[in-house]
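The values are calculated or read from the model by the stated rules, or taken from the named source; none is laboratory data. Everything numeric here is computed off the predicted structure, so don't read it as measured data. Reconstructed Cβ throughout: ideal geometry from the backbone, glycine too, with neighbour counts over all protein chains shown. Keep in mind that these areas ignore ligands, DNA and RNA; they rest on the heavy atoms of the full protein, side chains included. Shrake-Rupley method; radii C 1.70, N 1.55, O 1.52, S 1.80 Å.
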Amino acid sequence: SIQVSITSGVIAFTIGTTLGSVAAYFGGRIESLIMRIIDLQLSFPAILLALVLAALLGQGKWPLITALVTAQYAYFARTTHGAAATERSKDYIEAALSTPLPAARVVFRHILPNCLPPLIVVATVQIANAIALEATLSFLGLGLPVTEPSLGMLIANGFQYLLSGRYWISIYPGVALIVLIVAINLVGDQIRDQLNPRLKR
């Protein structure tokens with residue numbers, strides 16, 4: 001469902017941005033440890049990771065959210081780390097570090113807000129990916145239980161009727177899923193254009 005996808009996206013955004021910001025701020029061994037874990041996870045396809053976790057955790061809303069968050073947070077962490085590392089080297093951050101401000105305040109009040117434009121674009125893309133992943137897992141019987149609404153489950157329920165003249169049972173939910181994903185991606189493209197200073201006159 002869309003609710004599950006948005007919830008997983010928000011949690012993945014929170015975890016990923018926190019890890020990426022901490023890695024960029026502290027550097028050294030902490031950065032190496034966090035980013036090696038992120039790189040290792042990014043070496044696996046998100047759909048494969050989600051399938052394995054969903055099979056291990058079983059059906060249910062929160063097991064599915066856990067699988068989606070684990071499959072997605074690394075994208076936010078990688079994007080945040082790249083943007084935060086650039087901000088970390090700027091003069092205003094050096095000025096903030098020269099004051100007795102706590103590290104958390106520097107990270108979340110100075111570095112992270114300046115990393116939001118690329119993160120907002122990534123968030124829209126990842127929400128669309130979460131919807132596609134949730135529909136895929138539900139289609140395979142590894143997602144939401146039968147008592148929860150899901151486009152993937154609707155497609156699966158009508159799959160056996162495709163050649164019997166009742167194709168609409170699967171076709172309509174499939175078209176709705178495609179339209180939803182395309183619409184979210186179009187919104188992401190518009191946000192990217194609005195936040196890109198090179199496209200502004």
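Which FRET efficiency value, to the nearest 0.05, do you get for residue 61 and residue 89 by plugging their Cβ-Cβ distance into 1/(1 + (r/R0)^6) with R0 = 35 Å?
Values: r = 42 Å, r/R0 = 1.20.
It comes to 0.25.
Taking every Cα-Cα distance in the chain and sorting them into 10 Å bins starting at zero, the pair-distance distribution P(r) comes out as 9, 29, 30, 19, 9, 3, 1, 0 percent. Per residue, the chain exposes an accessible area of 56 Å² to a 1.4 Å probe, with every protein chain left in place. Taking label points 7 Å from Cα along the Cα-to-Cβ direction, residue 172 and residue 157 give a separation of 1.1 nm. Note on residue 105 and residue 14: the extension gain reaches 31.2 nm, defined as 0.36 nm multiplied by sequence separation minus the Cα-Cα distance.
Computed over the chain with a Gaussian network model linking Cα atoms closer than 10 Å, the most mobile of 158, 28, 174 is 28.
Here the Gaussian network model covers the chain, with springs between Cα atoms less than 10 Å apart; of 147, 136, 66, 147 fluctuates the most.
Below 8 Å between Cα atoms, with a sequence gap of 6+, how large is the relative contact order for the chain in percent?
Numbers: 245 pairs, mean separation 49.5, N = 201.
This gives 25 percent for the chain.
Rounded to whole Å, the principal axis extents of the Cα atoms in the stretch 1-120 read 50, 28, 22, largest first. A simple spin-label model places the labels of residue 193 and residue 37 3.9 nm from each other, with each point 7 Å out along Cα-to-Cβ.
Kindly give the semi-axes, whole Å and largest first, of the ellipsoid equivalent to the stretch 74-136, taking each as the square root of 5 times a Cα gyration tensor eigenvalue. Intermediate values should be presented prior to the final figure.
On the way: eigenvalues 188, 21, 13 Å².
Three semi-axes, in Å: 31, 10, 8.
Coupling constants for the stretch 61-76 follow from the phi torsions by the Karplus curve (6.51 cos²θ - 1.76 cosθ + 1.60, θ = phi - 60°), and in residue order they are 5, 6, x, 5, 4, 4, 5, 5, 5, 4, 7, 10, 4, 5, 5, 5 Hz; glycine and proline get x. Pairs of Cα atoms nearer than 8 Å and 6+ residues apart set the relative contact order; for the stretch 71-136 it is 45 percent.
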